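The values are calculated or read from the model by the stated rules, or taken from the named source; none is laboratory data. Predicted model, so just to flag it, every value in this text is computed and none were measured. A quick note on method: Cβ atoms are made from the backbone with ideal geometry, for glycine too, and the neighbour counts reach across all protein chains shown.
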Amino acid sequence: MPSVSLESRLDGVVGGKTASALSRAFGMSTVGDLLDHYPRRYARRGELTPIASLPVGEQVTIVAEVRSVSVRPMRARKGTLLEVVISDGHGTVSLTFFNQAWRQSELRVGRQGIFSGKVGDFKGQKQFAHPDYEMFDDEGQARTSAEAKQNLPIPIYPATSTVTSWQIAKTVEIVLAVLGDVPDPLPDDLRQRLGLLDARTALLRIHAPELPDQIEQARETLRMHEAFVLQVALLQQRQFVRMLSATSRPAGDLLARFDAALPFERTPDQVSVGDTIAADLEGAWPMNRLVQGEVGSGKTLVALRAMLQVAQSGGQSALIAPTEVLAGQHVRSIARMLGPQLAPELMPTLLTGQQPVAERRKAALRAAAGQARIIVGTHALLSETTTFADLGLVVVDEQHRFGVEQRETLRAKGTSPHVLVLTATPIPRTVAMTVFGDLDVSTIRTLPAGRAGISSFVAPLDEKPGWFARVWERVAEEVAQGRQAFVVCAAIDAEANAKDAKDDGAEPPTLEGEQERTRWGVVQVHEMLAGHPAFDGIRVEILHGKMPSDQKDAVMQAFSRGEIDVLVATTVVEVGVDVPNASTMVILEADRFGVSQLHQLRGRVGRGAIPGLCLLVTEAPQGTPARARVEAVAATTDGFQLAEVDLELRGEGDVLGDAQSGARSSLRLLRVVADADLIALARAAAEQVLDEDPALLRHAGLAAAIGRRVGQQERAALAKN
């Protein structure tokens, strides 16, 4: 067979049947797809896998030895049952075959092999359902090849119930035998400087190593390939945006009048980030910037000044918020900040899906006619019926609630509008480089002066159950001083949730230390406080996402006006809700929330001159991961430090989020946290290559690797960033 390349179709190399099995199981279609499916680990002949640690319910592949073989007739129906027990020397697993007595000749006592199946448990004995196996050479043959094969690592691949590890290994063997030259994605000088292998050798050694110590160098090489190809793809994306031409939006008297009326000095960070954005808006290409800053650091002010700059030339700005409550609040705070002179000129307008039809139509007309130069809304801004006269700036608030798709839909409503993404969830540098590598990142670290700050405490009910009563006394004390409080629950109605879970038989996975069921929903807390003697005369209201839009808005506004003392809510209050008189935040079952979510919620208090108090109530026992998460939040109010803690606690799994699945699905060996230095190195190298060769005409191997790894779908996802 002539040699094949990474782009060759699999069916032409390994046959249609195998190719379609691999396509169904893993979505593979080319030789490159198969060779990108790296072994999960390596076994060695004679080195048996510990059976005691096999997880029930999972598909596993192990190396073991046959201990006993027996055949008996089945009781209830015709035919025979072959039972084989395999062992690692300590534990055992049984394999059962129906009407397949002929397998006795292969499965002889003392022989070793690779076995695979789904781990089941029958009367306390582990067993493999639908077992499959491949035996090592028989004794006679084995002696002759023993020395040669003794140290040969056996690759164990991620497999499925339909495609086993050794089937993948055999297919890889067929492909490697006819693989031609593999163009190298890394420039020669970079590869030599880092002491890495050429691409073809790296693939051979990761799939068919002759010695165990060949594996690590192959992994290092392929890890660098991933980091470098991804960084070049992201930087190319940034270049594409810069090839679009944008309308220059210089500032004028609107911004000057606004700045003159500001009742406070902007912080140094607000000034420097504001200047950067102002320059971007006058640039030749569309701005594509992520502004990350602590809760309350003034991101809204920075965004509003950008909107005024765009409005100077008649341009419109669309601010898209994750919830109706937040959108309504943004419109009100923007109108308040603009003041009686500027607000009528710019006409900040709210447009959401829950508005009465007449009101929504009126808002849509203002946007289409260009009358409203600032439009704030939720997903309704994305609907086909919403059009703009001259959309110059898209501001996305709280990007983690907002997928790339939606950001792009809004962007498409203008002609290359500028894009500004705001987030109060600080993003660790490596994640920013891997996920938002095509966005320019600015950071606001300094908080405005005059903030009283927040004290955070854990109420550990596992050791000190009496503290639960003290929490409510503490809230009543704050209310007695004329202040307000939030109480946040993990569910609307915990009892209804428990009933649903029971009916479904579905238990959500929990972190060690986390309670299996939510005990306190908004409904339960509201009922408890209604009968609490300390709350006699205290005005308590509820707020959650299932309430009608106008009711939610009315409750939020009444709370802002001080007509409600205690607001019992779900996480709808997580982002952007601003009530300066609120001093206390109680978070019940705090172990059920993520680090960044707890930090966001805490940021709702201590926003004015009144010191904030955050009480994190948890039943998680000391020393469990769930408790560690809560204690980490209580220990610091630095969101940037917490973002790093969050990464360590959560591990890699969900760091990259769903919205960025394009970038994520191409990561095989690269680990965003562990490989931080490698990613930084790859980025610097990628910048240098693109500076010298923007179209990659002299880097054919790299261009091909980008085409392969960042396929059409992923490129579309990246393009939408």
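Results, tabulated for the structure shown:
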| read-out | value |
| --- | --- |
| Helices (runs of 4 or more DSSP H) enclosed by the stretch 661-709 - at least 2 residues per element that are closer than 30 Å to ASP646 by Cβ and at pLDDT 85 or above | 676-692 |
| Selection from the stretch 8-61 of residues that are under 27 Å from GLU210 (Cα atoms) and among the basic types (Lys, Arg) | ARG40, ARG41, ARG44, ARG45 |
| Top-ranked residue in the stretch 410-431 [being of a type outside the set (A, V, I, L, M, F, W, C) and under 18 Å from LEU642 (Cα atoms); ranked as modelled with the lowest pLDDT] | THR430 |
| Residue count, the stretch 290-332 (criterion: among the hydrophobic types (A, V, I, L, M, F, W, C) and over 26 Å from the mean Cα position of the chain (by Cα)) | 9 |
| Any hit, the stretch 234-257, residues being free of Cβ contacts under 8 Å to residues at least 40 places away in the same chain, closer than 30 Å to LEU447 by Cβ, out of contact with any His (no Cβ under 6 Å at 6 or more places or on another chain) and not basic (Lys, Arg) | yes |
| Single condition THR49 does not satisfy, out of (1) part of a loop (DSSP other than H, G, I, E, B); (2) modelled with pLDDT of 80 or more; (3) of a type in the set (Val, Ile, Thr); (4) buried (at least 17 other Cβ atoms within 10 Å of the Cβ) | (2) |
| Selection count, the stretch 250-271, where residues are surrounded by 15 or more Cβ atoms within 10 Å (Cβ to Cβ) and more than 12 Å from ARG305 (Cα to Cα) | 2 |
| Selection from the stretch 62-107 of residues that are outside any strand (DSSP E or B), farther than 25 Å from ILE168 by Cα and in contact (Cβ under 8 Å) with a residue 12 or more places away in the chain | MET74, GLY79, GLY89, HIS90, GLY91, ASN99, ALA101, GLN104 |
| Subset of the stretch 570-606 [charged (D, E, K, R) and either buried (at least 22 other Cβ atoms within 10 Å of the Cβ) or under 24 Å from PHE468 (Cβ atoms) (or both)] | GLU574, GLU589, ASP591, ARG592, ARG602, ARG604 |
| Test: residue in the stretch 401-408 that is surrounded by 15 or more Cβ atoms within 10 Å (Cβ to Cβ), at pLDDT below 85 and within 22 Å of ASP553 (Cβ to Cβ) | yes |
| Residue identified as modelled with pLDDT of 90 or more and not in a helix (DSSP H, G or I) among GLU563, GLU507, GLU516, GLU527 | GLU563 |
| So ALA626, is it at pLDDT below 80, buried (at least 19 other Cβ atoms within 10 Å of the Cβ) and in a helix (DSSP H, G or I) | no |
| The stretch 17-44, subset in a loop (DSSP other than H, G, I, E, B) and more than 24 Å from THR201 (Cβ to Cβ), residue modelled with the highest pLDDT | SER29 |
| Condition met for ARG219 (basic (Lys, Arg), assigned to a helix (DSSP H, G or I) and in contact (Cβ under 8 Å) with a residue 12 or more places away in the chain) | yes |
| Whichever residue in the stretch 482-497 is surrounded by fewer than 16 Cβ atoms within 10 Å (Cβ to Cβ) and either under 30 Å from the mean Cα position of the chain (by Cα) or assigned to a helix (DSSP H, G or I) (or both) and, among such residues, is modelled with the highest pLDDT | GLU495 |
| Filtered residues of the stretch 1-22 (kept if of a type in the set (Gly, Ala, Ser) and surrounded by 15 or more Cβ atoms within 10 Å (Cβ to Cβ)) | SER8, ALA19, ALA21 |
| Any hit, the stretch 209-227, residues being farther than 22 Å from LEU696 by Cα, among the small types (Gly, Ala, Ser) and touching a helix residue (DSSP H, G or I) at 6+ places or on another chain (Cβ under 6 Å) | yes |
| Near pairs, Cβ below 7 angstrom, 6+ apart or cross-chain, from the stretch 161-174 (outside any helix (DSSP H, G or I)) to any residue that is of a type in the set (Gly, Ala, Ser) and surrounded by fewer than 15 Cβ atoms within 10 Å (Cβ to Cβ) | none |
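Quick grid of which residues meet (1) buried (at least 23 other Cβ atoms within 10 Å of the Cβ); (2) basic (Lys, Arg); (3) modelled with pLDDT under 90:
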residue	(1), (2), (3)
ALA321	yes, no, yes
GLU324	yes, no, yes
ALA327	yes, no, yes
LEU346	no, no, no
GLY353	no, no, yes
ARG360	no, yes, no
GLN371	no, no, no
VAL376	yes, no, no
LEU393	yes, no, no
